[in-house]
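Enquirer: Pasting in a structure now, in C-alpha cells, and then I'll have a few things to ask.
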Amino acid sequence: MTLPALGRIREHFKNSSITVLTDSKLADLWRCFPAVNSVLTFDRTDGVRSVAKRIREQRFDAGLALPNSWRSAAELWWASIPRRFGYRKDGREILLTDAVPRTDFATSATRKRSVREIRQLAASHDPTAPEEDSKTLHHVLHYLHLAGKLGANPRSLEVRLSVPEDAQLAVLNRIGIDPASRPVLFGINPGAEYGPAKRWPAERFVAAAHEIQKRTKCCWIIFGSGNDIQIAKQIEAGLIRLACSRGPAAETSLNRIAVNLAGATSLAELLAGLKLCHLLLTNDSGSMHCAAAVGTAVVAIFGSTSPELTSPGLIGGDATRVLRSRVPCTPCFRRVCPIDSRCMNSIEVSAVVEAAMDAFREALVRTGLL
C-alpha cells in the first residue's frame, strides 16, 4: 500500500536515487518496482544501530519513515540523515526534522472491539450501526499524504510491479504448463496470516471455485504460506471431487482442475504466479495486495477488517471487487471471532461467483481480449 506514495516521490524527484529499506523477506517485491533504484535489507534480529550504520554509509539527503514505529524514525536519526520526514506519534518527533501532525489528516488507526462490545452489537441486529472507521482514510492515502510533505503529488495513482517474463515462464514450467497453450488460470488464496476471522470458509471457496470453473473452463492455482498447506489440500481435494462428480469429461482449459502451490513458493515466485492468473479469489491478505499490484483482477472477501482502510481497489483499479457483510459487529479487527463468524458466513457463494465473473469480464475488456 506504500507503492503509490513511492511512485509519486519518483515522479517528483525524477533524477534522484531512491532506496527502500525493507525486511529481507520482502526484498523481491521492491526489486519489481521500477520507481526504486535499490533495496537495502535488514533481518528481524538486526539492531537499530547496526541498521542505521548501513543507512549512514549511503549518505542519503532525506529519509521518509513510512511506518509509524519509533524504530523507523530512530534508524533515520542514528544514520544522521539531514532531513527526516514522518508522522508525529508517541514522542518520536524529537527524532524527525519534519514531523507531520496526525491531526491535519484523518488517521488510519484502528481499534479492536472488545468481546463484550461485539456481543452487544451482534445482539442488536442493527445493520445500520456506524462503522468504527467511518472517519478514517485508506492506508494508501495515509502514505500519500506523507509523501506530499516532500513536495510530491498527494493524489492516488495506479502503479504496477514489473514481474520479469522469465520468472513467469519458470512458474509455468514448474507446474508443467506450455505457455503456447494460452491457459485460463485463476488463483485462490484461502489463507490470511492475521487469523481465522479473516478467512472465508474452505467449503465455500470450493463451491465458488467449482462454479466459476464450470463457467470459464479455468485451471485453479492455489496459493498460500506454509501455514495454509492443510486448507489448500482440502480445497484441491474438494475441487477434484466435484469435478469427478460431473463425470470424466469435466472440461478445463488444461484438462487439470487445480495446481497446489501453497507453502511452495518464494515471494518472487508468488508474484510471478499471480501475474499469470486472470483473477485471484482471496481473503484480505498480503497476496491480495500483491495480485492487485501486478495487474491481476481481484475478488477480495472481507470479514473482521475494513475495506475502507485496506481494500486493494486503489491499486487494482476497475478489475477489483470487494465483498463484505454489513453485520453490526464488523469491523472488529479481531484475529478470532468470539461469536459465530457471521461476517464471513453471511457472504454467499453466489455473490462471490457473480463478482468473480464480473471482474473477469472487466479484466478481459481492459486487456483488449473482449
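Enquirer: Go through the stretch 190-219 and give me each residue that's over 22 Å from Arg324 (Cα atoms) and in contact with a Ser or Thr (Cβ under 9 Å, 6 or more places away or on another chain).
Expert: Here is the first cut: in the stretch 190-219, the residues over 22 Å from Arg324 (Cα atoms) are 213-219.
Matches in the stretch 190-219: Gln213, Thr216, Lys217, Cys218, Cys219.
Enquirer: May I pose another question? Got a sec? Which helices (runs of 4 or more DSSP H) wholly within the stretch 273-370 have at least 1 residues that are within 20 Å of Ile212 (Cα to Cα) and of a type in the set (Phe, Trp, Tyr)?
Expert: Details: elements: 286-294, 307-310, 313-316, 342-345, 349-366.
Filter on the stretch 273-370 gives 349-366.
Enquirer: Are any residues in the stretch 1-17 without any contact (Cβ under 8 Å) to a residue 60 or more places away in the chain and not in a loop (DSSP other than H, G, I, E, B), and if so, which ones?
Expert: The answer is Arg10, and nothing else.
Enquirer: Filtering the stretch 163-189 down to residues that are part of a loop (DSSP other than H, G, I, E, B) and surrounded by 15 or more Cβ atoms within 10 Å (Cβ to Cβ), which residue is modelled with the lowest pLDDT?
Expert: At the first step, the residues of the stretch 163-189 found to be part of a loop (DSSP other than H, G, I, E, B) are 163-164, 175-178, 182-184.
Now restrict to residues that are surrounded by 15 or more Cβ atoms within 10 Å (Cβ to Cβ): 163, 175, 177, 183-184.
Working: Val163: 96, Ile175: 91, Ile177: 89, Pro183: 86, Val184: 91.
Within the stretch 163-189, the match that is modelled with the lowest pLDDT is Pro183.
Enquirer: What's the number of the only condition in (1) of a type in the set (D, E, K, R); (2) surrounded by fewer than 18 Cβ atoms within 10 Å (Cβ to Cβ); (3) out of contact with any strand residue (DSSP E or B) (no Cβ under 9 Å at 6 or more places or on another chain); (4) assigned to a helix (DSSP H, G or I) that Lys233 fails to meet?
Expert: Result: Lys233 passes all but (3).
Enquirer: I'd like the full set of residues that are surrounded by 15 or more Cβ atoms within 10 Å (Cβ to Cβ), assigned to a helix (DSSP H, G or I) and among the aliphatic types (A, V, I, L, M), limited to the stretch 18-36. Full working, then the answer.
Expert: Step one: filter the stretch 18-36 for residues surrounded by 15 or more Cβ atoms within 10 Å (Cβ to Cβ), giving 18-22, 27-33, 35-36.
Next, from what is left, pick out any that are assigned to a helix (DSSP H, G or I): 27-31.
Those that are surrounded by 15 or more Cβ atoms within 10 Å (Cβ to Cβ), assigned to a helix (DSSP H, G or I) and among the aliphatic types (A, V, I, L, M): Ala27, Leu29.
Enquirer: Which of (1) under 15 Å from the mean Cα position of the chain (by Cα); (2) in a loop (DSSP other than H, G, I, E, B) does Leu270 not meet, given it meets every other one?
Expert: Here Leu270 clears every test but (2).
Enquirer: Next up: When you scan the stretch 190-230, how many residues do you find that are outside any loop (DSSP other than H, G, I, E, B), in contact (Cβ under 8 Å) with a residue 60 or more places away in the chain and among the small types (Gly, Ala, Ser)?
Expert: Selection size over the stretch 190-230: 4.
Enquirer: Test each condition in (1) within 23 Å of Asp358 (Cβ to Cβ); (2) touching a Ser or Thr at 6+ places or on another chain (Cβ under 9 Å); (3) aliphatic (A, V, I, L, M); (4) at pLDDT 90 or above for Ala262 and report the one that comes out false.
Expert: (1)
Enquirer: In addition: Among the residues of the stretch 37-81, which ones are within 20 Å of Gly148 (Cβ to Cβ) and surrounded by fewer than 14 Cβ atoms within 10 Å (Cβ to Cβ)?
Expert: Pass one, the stretch 37-81, residues within 20 Å of Gly148 (Cβ to Cβ): 60-68, 72-73, 76, 81.
Passing the criteria: Asp61, Pro67.
The values are calculated or read from the model by the stated rules, or taken from the named source; none is laboratory data. Since the structure is predicted, the reported quantities are computational estimates derived from the model, not experimental observations. Cβ sites come from the backbone with ideal geometry, for glycine too, and all protein chains shown count toward neighbours.
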